Amino acid sequence: MQLYEHAKNAYKALGVDTDKALELLAGKAISIHCWQGDDVTGFDSGAAGGGIQATGDYPGKARSFEELTADFAKAISFIPGKKRINLHASYAVFPDGKRVERDAITFEHFKPWVEFAREQGIGIDFNPTCFGHPRVKDGLTLSSPCDETRRFWIEHCKRSREIANAIGEALNDKVLCNIWIPDGYKNVPADRLSPRKRLQASLDEILAGALPHVIDCVESKVFGIGLESYTVGSNEFYVTYAASKKGVYPLLDNGHYHPTECTADKIPALLCFFDKIPLHITRPVRWDSDHVTLFDDTTREICMEIVRNNALDKVLMGLDFFDASINRIAAWAMGTRAVQKALLYALLMPHDALRKAQDAGDFTTVMALQEQMKTLPFGEVWAQHCKNESVPQDGEWLAEVRAYEENILLKR
Ligand code: RNT
Ligand code: ZN
């Protein structure tokens with residue numbers, strides 16, 4: 001307590017209210033992806049694919065709804081604040097193993113998830129799963145020149161939206177429904193326009209008519225493994241598509257741009273035109289877009305843009321990483337806590353003073369303040385947050401993960 005009081009005063013001297021920051025942090029929901037728990041495998045005999053891959057063979061991955069929900073519940077017991085779970089359509093739960101195809105799934109298959117979310121007091125977000133499936137033809141889904149293939153995936157996406165809407169209705173909530181497709185080419189294409197025209201027509205059909213409980217978004221990508229030369233759903237394509245359609249938003253995944261591009265800077269650009277910005281926060285490393293998030297510069301910059309622009313209510317923060325080389329529950333806990341730390345760091349920035357200095361053209365002060373805030377007693381404020389939220393401190397949760405590993409994961 002004494003340590004927190006000391007930190008509180010240090011921030012107060014810069015005009016920053018730490019209590020207020022903690023209140024805002026506790027109320028900001030983070031949408032945690034279910035797919036870290038099983039390496040993006042899902043329950044419908046699919047697997048990661050389409051340019052994404054979880055690497056590693058850490059033991060104990062979840063193999064069923066029961067295992068995945070138990071692991072997720074364990075992970076979120078270490079995570080403070082408001083939470084949501086982000087589901088993929090491939091996590092449909094089939095009663096008595098009665099599997100249906102992806103173009104035949106309904107809300108019935110997600111009712112167990114709704115019950116789980118209710119029990120845990122969390123919201124749900126949703127994604128059609130257009131990858132890791134035999135109906136992906138020559139690497140293409142919604143942009144395929146094959147009518148049958150396109151129709152299959154259009155139907156899958158339409159059903160996904162309806163499921164998202166039914167989930168929202170059941171939970172009295174808005175559900176983010178995000179379309180990401182793997183479509184692209186390894187080699188230099190001969191025609192870059194036609195696939196995009198076909199994708200545009202498919203999206204028009206899928207997104208026709210607003211659904212009251214759904215927030216629609218589309219996720220771009222610059223490349224994938226085996227899709228190095230061209231992706232149909234590029235940034236320009238989706239940002240323009242979303243801007244031209246009321247109620248459709250472009251989702252920014254910070255692993256989906258050229259390595260030197262700054263995703264944080266895209267947030268204030270899009271805020272000029274969109275009232276919501278969905279995010280996938282991740283950590284790109286060389287060719288991979290999906291390492292576990294850390295309390296690093298990139299994540300802090302993203303959070304600072306959210307806070308500076310008063311956009312806590314506008315930016316829908318979701319996570320997207322999958323690491324199969326470390327304990328998956330630890331990955332969830334560390335990755336989410338890291339993003340929350342970054343958000344707290346941003347909430348503790350002396351923004352008024354910084355902006356004033358910028359407007360006065362005083363970049364000496366801007367730089368000095370930005371440097372000063374880096375060594376303020378941030379850790380004490382984070383520790384207070386964990387205490388307020390009754391979750392373990394840094395250094396305390398790993399022993400619990402190890403016990404769970406020993407008693408449950410290693411027995412699978
Ligand atoms: C892939 C996209 C996409 C997926 C998930 C599983 O590059 O980031 O969001 O990671 O849908
Ligand atoms: Zn993503």
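What follows is calculated from the coordinates using simple rules that are stated; it is not laboratory data. Keep in mind the model is a prediction, meaning the values are calculated, not measured. Backbone-built Cβ (ideal geometry, glycine too); neighbour counts: all protein chains shown.
Taking Lys and Arg as +1 and Asp and Glu as -1, the other residues whose beta-carbon sits under 15 Å from that of ILE105 total +2.
Each 10 Å bin from zero holds the following percent of Cα-Cα pairs in segment 167-273: 13, 42, 33, 11, 1.
Between the Cα long axis of helix 18-27 and the first principal axis of the chain there is an angle of about 20°, rounded to the nearest 10. The overall shape of segment 236-311 is oblate: from the C-alpha gyration tensor, with semi-axes ordered a ≥ b ≥ c, the ratio a/c is 1.5 or greater and a/b is no larger than b/c.
Other residues whose C-beta falls under 14 angstrom from the C-beta of PHE295 contribute a net charge of +1, scoring Lys and Arg +1 and Asp and Glu -1.
Considering only DSSP beta bridges whose two residues both sit in the chain, what percent are antiparallel, to the nearest 5?
In the chain, approximately 20 percent of DSSP beta bridges are antiparallel ones.
Over all Cα atoms in segment 273-352, the spread is summed up by Rg and Dmax: 13.2, 43 Å.
Computed over the Cα atoms, what is the radius of gyration of the chain divided by 2.2 N^0.38 Å, N being its residue count?
The chain yields a ratio of 0.99.
Near PHE321, once Lys and Arg are set to +1 and Asp and Glu to -1 for all other residues with Cβ below 9 Å from its Cβ, the sum equals -2. Counting other Cβ atoms within 10 Å as a rough exposure proxy, the listed residues THR336, THR365, THR231 run THR365, THR231, THR336 from fewest neighbours to most. Calculated on the Cα set of segment 212-368, radius of gyration then Dmax: 16.6, 49 Å. Only Cα pairs under 8 Å and at least 6 apart count here; give the relative contact order of segment 126-276 as a rounded whole percent. Averaging sequence separation for qualifying contacts and normalising by length gives 23 percent for segment 126-276. When only Cα pairs below 8 angstrom with a gap of at least 6 residues are kept, the chain shows a relative contact order of 20 percent.
The relative contact order of segment 248-326 comes to 36 percent, based on Cα pairs under 8 Å that sit 6 or more residues apart.
Think of segment 55-179 as a dipole: +1 on every Lys or Arg Cβ, -1 on every Asp or Glu Cβ, centred on the Cα centre; then among GLY81, VAL93, ILE122, GLY81 lies furthest on the positive end. Each of ILE277, VAL248, VAL188 was scored by the projection of its Cα onto the charge dipole of the chain, and the greatest displacement toward the positive side belongs to VAL248; charges sit on the C-beta of Lys, Arg, Asp and Glu.
The charge dipole of segment 65-216, taken about its Cα centre with unit charges on the Cβ atoms of Lys, Arg (+1), Asp and Glu (-1) only, comes to about 400 debye.
From helices alone, the chain scores -13500 deg cm²/dmol at 222 nm; the rule is -39500 (n - 2.57) for each run of n ≥ 4 DSSP H residues, then divide by the residue total. Annotation: peptides 78-87, 15-24, ranked by per-residue average of other Cβ atoms within 10 Å with the highest first, follow the order 78-87, 15-24. Between the alpha-carbon centres of segment 262-328 and segment 73-121 there is a gap of 24 Å. Of the residues THR263, THR55, THR282, THR375, the one with the fewest other Cβ atoms within 10 Å heads the list, and the complete ranking is THR375, THR55, THR263, THR282.
Comparing LYS28, LYS246, LYS158 in a Gaussian network model of the chain where C-alpha atoms under 10 Å apart are linked, the largest mean-square fluctuation is found at LYS246. In degrees from 0 to 90, rounded to the nearest 10, what is the angle of the helix 235-244 Cα long axis to the longest principal axis of the chain? Value to nearest ten degrees: 90.
Residue exposure proxy: HIS6, HIS109, HIS33, ordered by other Cβ atoms within 10 angstrom of their Cβ from fewest to most, comes out as HIS6, HIS109, HIS33. Placing +1 on each Lys and Arg Cβ and -1 on each Asp and Glu Cβ, with no other charges, gives the chain a dipole about its Cα centre of roughly 420 debye. For segment 271-313, trypsin sites (Lys or Arg not before Pro) meeting the loop criterion (DSSP other than H, G, I, E, B) and having at most 13 other Cβ atoms within 10 Å: ARG286.
Helix 147-171 axis versus longest C-alpha principal axis of the chain: approximately 40°, rounded to the nearest ten. Using only side-chain charges placed at the Cβ, +1 for Lys and Arg and -1 for Asp and Glu, the dipole size of segment 268-399 relative to its Cα centre rounds to 80 debye.
If you wrap the tightest convex hull around every Cα atom of segment 52-101 and split its volume per residue, you get 140 Å³.
For a straight C-alpha distance cut-off of 24 angstrom, the lysines reachable from LYS374 (same-chain residues fewer than eight places away being disregarded) are LYS8, LYS12, LYS20, LYS28, LYS266, LYS341, LYS356, LYS387.
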